Amino acid sequence: MKAFAALFARIDQSTRTSVKVAALAGYFREAPMQDRLWTIALFSGRRPKRAVTTRQLREWAADHAGLPLWLLEESYPVVGDLAETIALILPPASGGSDHGLSHWIAYLKDLPNLPEETRKARVLAAWDRLDSTERFLFNKLITGGFRIGISQKLMTRALAEATGQDPSDLAHRLMGDWTPDTVDFETLVLAADPQADASRPYPFYLSYALDRDADTLGRPQDWTAEWKWDGIRGQLIVRNRQHFVWSRGEELMTDRFPELARAVDALPDGTVLDGELLAWENHAPMGFNALQKRIGRKTVPRSLLRDAPVIFMAYDLLEWGGEDQRGLPHATRRDRLRAALADMPDDRNLRLSPCIAFDSWDGLARVRAGARAAHAEGVMLKHRDSPYLDGRRKGDWWKWKLDPRTIDAVMIYAQSGHGRRANLFTDFTFAVWDGDDLMPFAKAYSGLTDAEFREISAWVRRNTQQRFGPVRQVTPHHVFEIAFEGIHESPRHKSGVALRFPRMARWRRDKPASEANTLDDLRRMLAACG
Amino acid sequence: MIACMARSPVLTFTEKGIYCPAGDFFIDPWRPVDRALITHGHADHARPGHRRYLATAAAAPVLRHRLGRIDLDTVGYGETRRIGQATVSFHPAGHVPGSAQIRVELGGEIWVVSGDYKTENDGFCEPFEPVACHSFITESTFGLPVFRWPRQSETAKRINGWWHTCIAEGLTPVLGAYSLGKAQRLLALLDRGIGPVLTHGAIEATNQVLRAQGLALPDTVALTPDTHLRDHPGALLLVPPAALSGSWARRFGPLSTGFASGWMQMRGVRRRRSVDRGFVMSDHADWSGLNETIREIGAENIYATHGYTEIFTRWLTESGYNARIVPTEFNGEDSESGNAA
C-alpha cells in the first residue's frame, strides 16, 4: 500500500491538476500491473465488494481505540468522512507492511466468507500494520466512494500519458462492465485488439449552459434546436442481436427498462443511439417525478411498468451499421437518425426528438419560453457541423434552459457538510409560512460562496436553539431565495410538495423572515405547472 | 447560622465572562469591566476597554502592543496576589510566550482557569505546568479523539522537507501561521541551512515586541513592498493565514502554500483552505493533552469552554467527572478563526 499511499498523498497535497496527473502517470508507469488495474478501477467508480458493514467497522474501531461508540459517531460529522475518522482515532500501528494495493483488496475479498470474529481479527490486524494514510485508504476500500480529487477524466489523461494511447480511445476502453477480476491490464488498456465488448458505450458528449446571448452564436441556420428533455441521458445499443441501455453515469440499466427490449426488432445490429429516457404517457412526458420511481429499481413490478412507462427519445446517432458516426457533422448524423427511426411503430417505445424550426434567435427565445408547456427544461442548441466529442466541451453544444423558478424561504435547520465542507454548516432546511407556522419544504446545500458559508456557519453556532444529533434548529431569521427546476405533489412530504434540484440562489439579507413566501404561494406554483 | 449560609462559588459565569465575586474581578471578559485578569494576548482573550488589567510580565509587551495605552499591572509566574478575599496566581500555560493559567483560591478551595494551553514543550514558550485544583475551567478547542498531534520534531521535518522540494522545483514556499505564537515557534524550527525566512509585516511586528522583551528569535528579513525574491534565494515566506489566499502572495510568482494548524489534521479543512500542504501543529492541547491534564490535576469539577464542549463534557461525565459546559459568547468551535490554531 506504500506506493499507493504515496500517490494519494501527492494527489491530495496539490491543488494543481498538472501535478496530480504527473503523479498518477508516474504510478501507472511503475506500479505492479494488478495495482495499476485496481487504481484504474477505483478512480472510475469501481470498487471491491463490501467486505464488512460500516456498522461493524465503527464498532471495531471504537473498541480498538478504547472509546465509546457514541464518541466515534459524534466525531464523524466533524471530520466528514468515516474512513478518515476511524484512521484518526485508532492507536498507532505496531508494525508495517510492504504489501501493495491489490494484496489488501484480495485480503478484503476473503473476509465475507469468514466468521465475524475472524473477520474482526483480520481487520484489526490490518490496521495494526498500516500507517495513518494507508489506514485511511484501507478503510476507503471498505466504505467505498473513492473520491479523492481525481476524476475519471484526469485518470484517463494520466493513463494516456503513461501508455502513449489516445485519451478518447482509452475513455472508450474503460467504459463498460469490466472489473479487475474479469480483465487484466494488458487486455483492458494495451492490447491491440481488445476483446470485443458488445455492450460498450461511447463516452457521452456533455454540454455547458449557455453563458452568453444566443445571438452571439452566429447565424441561426448554422444551428439546430430541440427540446432539452428532463429525463435520464442514456445510450441505447443494439449489437449481436442484443440491446443495452447505459446511463450517463455509465451504469448499465438494461434490465430496468424492459420497454426497450423491442429495440432489437426495430434496429439493425451495430446501432448506437444517444438520447433521453423519459416516463411517457398520452404522447407527452410525465415529468421527472414519475421517472424517479423507476431509477432505483433493478427489477420493475408490472404495476410500475403500467404507471410510469418509459420511452427512449433519440437525438443522436453514434454508430450505424457498426461504423462509428461521431466524426460526421451533426446535421448528417441527424439525417441518418431520422431515416433510421422513420415509420417506427409506437410500441417500440423509440422516438425521434423533433428539431425545432427557427429562423431568428428572438423567435427561438419565444419557443423556449413555452418549454414548460412542452414538459421540457428549455432548448438544446447544437452546431450543424459539430462532431460528437467526449466529455464536457464548450462551443458546439449549449443547453439553454429556462430560468429557474424561485421562492423566498426561511432557514430553520442547519447541518454540517461532508468532505471539503466538513465542520462548516452547509446543509440547510428551508420553510415557508403556513399561517403563523413555518412549514419545512426543501433542503439545499449549494449556491453560496465559501465566504458566505463561513459567515452563516458562525451565525448558526451562535443561534442554535436545539440540537438533534448533527442537526441544529436555528432561530428563524435568515431568508434565502431558493431556485428550483420543478415542483410536484408529494404525499411523503409534510408540505405536500417536493422540489427538483433546489439550491440557494441568493442570501436575501434585505428581507425579514416575516416577508418570506407562504405555503399557498407554493401550492399556486404547483397548480400552475405541476 | 453562618455555617448554613450557602457560600457563593469561587468563580461564576456571567454575561461579561468568568467572574470572581470574592475578588470582584473577571478573567478574560468579553465586555468592558473594572478589573480584568488576562491569560494571554490573543484577541479573543485580551479585549480592549477594561479599566484595569492584570497579566504576567511576559505577556505585558504584547498586550500593550495590541491594546495601546492600558492600565496594566503585572505579576511573575507563581507569584501570589491578594484581590479582595481571593488569592490569585498565574502559571505557565505553554500556549504562547507569556500565556498563563489563572489559579484562584478562596478559603482553601482552588479553581484554575486554563485559558488556552498546550502540554507539549515547544522549546519556545514557558512549558505548561499542571496545577492541582478542585475545579478546572478548561478549553476544549480540540476536544475530540480525532485530534492527536504528531511530535513537533516530526512536523518540523515535514515542513523543512517541503521547503527543500519547493526550492528544487522553482516554487516559493509560503507558510501561513498565526502571527503571535505559532509564527515564532516555527521560526525556531525552520532550517536556515535551506534559506532565509522572510516575514510578513504583521508577524515581524510581533517578532520585534518579543525580541525587545529578551526572547531569542532567529534572524528574519521583513517583507516590504520593495522586497525582491531574487535578492533572497531559497527564501521561505512566513505570513498570517489571511495572506495565504487573496492577491497579496501572488505577486511573488509561482508559489506553494502551506498552513500550520491543528485543523490541518482534517482533510476536509485542508481542502477547503485550498492550501497545497497542511502541517499539523497546534498551540492547543490535543485529545490526549486535555485528558492527561485533567487526570493529573485531580479536579472533581470540570468546566469546558471553547470547541466541542458538549461532546467533551459528555465524555468526561461518563469518565466519572462532574463536567459542565461554560456558557460563552465566543465560540471557538470554528476551524476558520485565526486564533484557534
Residue separation between A:GLU117 and A:LYS2 times 0.36 nm, minus their alpha-carbon distance, gives in nm 38.6 nm
Heavy-atom accessible area ranking, 1.4 Å probe, most first, across B:TYR77, B:TYR19: B:TYR77, B:TYR19
Rounded to the nearest 100 Å², what is the sum over both chains of accessible area buried where A meets B, with a probe of 1.4 Å? 3000 Å²
With θ set to phi - 60°, apply the Karplus curve 6.51 cos²θ - 1.76 cosθ + 1.60 along region A:233-245 and write out the HN-Hα couplings as whole Hz, x wherever there is a Gly or Pro. 5, x, 10, 10, 10, 10, 8, 6, 6, 10, 10, 9, 10
For region B:220-241 and region A:29-78, what is the separation of their Cα centres, given in Å? 43 Å
With the contact rule set at Cα under 8 Å and sequence spacing of 6 or more, what percent relative contact order holds for chain B? 16 percent
For region A:405-528, the percent of accessible surface on carbon and sulfur atoms (probe 1.4 angstrom, ligands and nucleic acids excluded) is 47 percent
Rounded accessible area of A:GLU515 (nearest 10 Å², 1.4 Å probe): 110 Å²
Tell me which residues come under 5 Å, amide H to amide H, from B:TYR117 once H is placed; ignore anything under 5 positions away on its chain. B:ALA285
With all protein chains in place and a 1.4 Å probe, A:HIS493 shows an accessible area in Å² (nearest 10) of 80 Å²
Averaged over B:142-155, number of beta-carbon atoms from partner chains that fall within 10 Å: 3
Please give the per residue accessible area of the protein assembly as shown, computed with a probe of 1.4 Å over protein heavy atoms only, in Å². 42 Å²
Counting sequence-distant residues (5 or more places) and residues on other chains, those with an amide H built under 5 Å from that of B:MET281 are B:SER261, B:GLY262, B:MET264
Would the protein assembly as shown count as rounded, prolate or oblate if I go by the C-alpha gyration tensor, calling it rounded below 1.5 in a/c and otherwise prolate when a/b exceeds b/c, oblate otherwise? prolate
From the protein chains alone at 1.4 Å, what is the descending order of accessible area for A:MET504, A:MET33, largest first? A:MET33, A:MET504
When the chain is fully extended, how far beyond the present Cα-Cα distance does A:ALA22 get from A:LEU124, taking 0.36 nm per residue of separation? 33.3 nm
Output the relative contact order of chain A, whole-number percent, from Cα pairs under 8 angstrom with separation of 6+ residues. 12 percent
Pairwise label distance in nanometres, B:ALA222 with A:ASP184, each label 7 Å out on the Cα-Cβ vector: 6.8 nm
Between A:ASP265 and A:LYS399, what FRET efficiency follows from the Cβ-Cβ distance if R0 is 45 Å, with the result rounded to 0.05? 0.85
For a quick check: with amide H placed at 1.01 Å from N, whose amide H comes under 5 Å from B:ALA222's, ignoring anything fewer than 5 positions away on the same chain? B:THR199
Taking 30 Å² as the minimum loss, tell me which residues in region A:57-75 lose that much accessible area going from the chain by itself to the full protein complex (1.4 Å probe). A:LEU67, A:TRP70, A:LEU71, A:GLU74, A:SER75
Per 5 Å bin, what is the whole-percent P(r) computed from every C-alpha pair distance within region A:405-528? 2, 12, 22, 25, 20, 12, 5, 1
Extreme residue, positive dipole direction of chain B, given options B:ALA86, B:GLY289, B:THR257 (C-beta unit charges): B:THR257
Could you order A:ASP177, A:ASP274, A:ASP98 so the one with the most accessible surface comes first? Probe is 1.4 Å. A:ASP98, A:ASP177, A:ASP274
Between the alpha-carbon centers of region A:373-391 and region A:330-352, tell me the distance in whole angstrom. 16 Å
So, in nm, how far is label A:SER446 from label B:ASP71 when the simple model puts each one 7 Å beyond its Cα toward the Cβ? 5.8 nm
State which entries of A:LYS140/A:LYS443; A:LYS140/A:LYS382; A:LYS140/B:LYS157; A:LYS20/A:LYS394; A:LYS2/A:LYS49; A:LYS20/B:LYS182 exceed 32 angstrom in Cα-Cα distance in the structure shown. A:LYS140/A:LYS382
Which of the listed residues, A:PHE441, A:TYR208, B:PHE124, is farthest toward the dipole's positive end in the protein assembly as shown, when Lys, Arg count +1 and Asp, Glu count -1 at the beta-carbon? A:TYR208
What is the mean number of Cβ atoms from other protein chains located within 10 Å of the Cβ atom of each residue in peptide B:260-271, rounded to a whole number? 5
Using protein chains only and a probe of 1.4 angstrom, how many square angstrom of B:ILE194 are accessible, to the nearest 10? 30 Å²
At 222 nm, what helix-only mean residue ellipticity would the protein assembly as shown give, in deg cm²/dmol to the nearest 500, using -39500 (n - 2.57) for each DSSP H run of four or more? -8500 deg cm²/dmol
All-pairs alpha carbon distance profile, region A:140-232, 10 Å steps from 0, percent: 11, 32, 27, 21, 9, 1
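The values are calculated or read from the model by the stated rules, or taken from the named source; none is laboratory data. All of these numbers come straight from a predicted model, not from anything done at the bench. Quick reminder, even Gly has a Cβ in these numbers, built from the backbone with ideal geometry, and neighbours come from all protein chains shown. The protein model used for the area step is the full one, side chains on, heavy atoms only, and it has no ligands, DNA or RNA in it. Shrake-Rupley method; radii C 1.70, N 1.55, O 1.52, S 1.80 Å.
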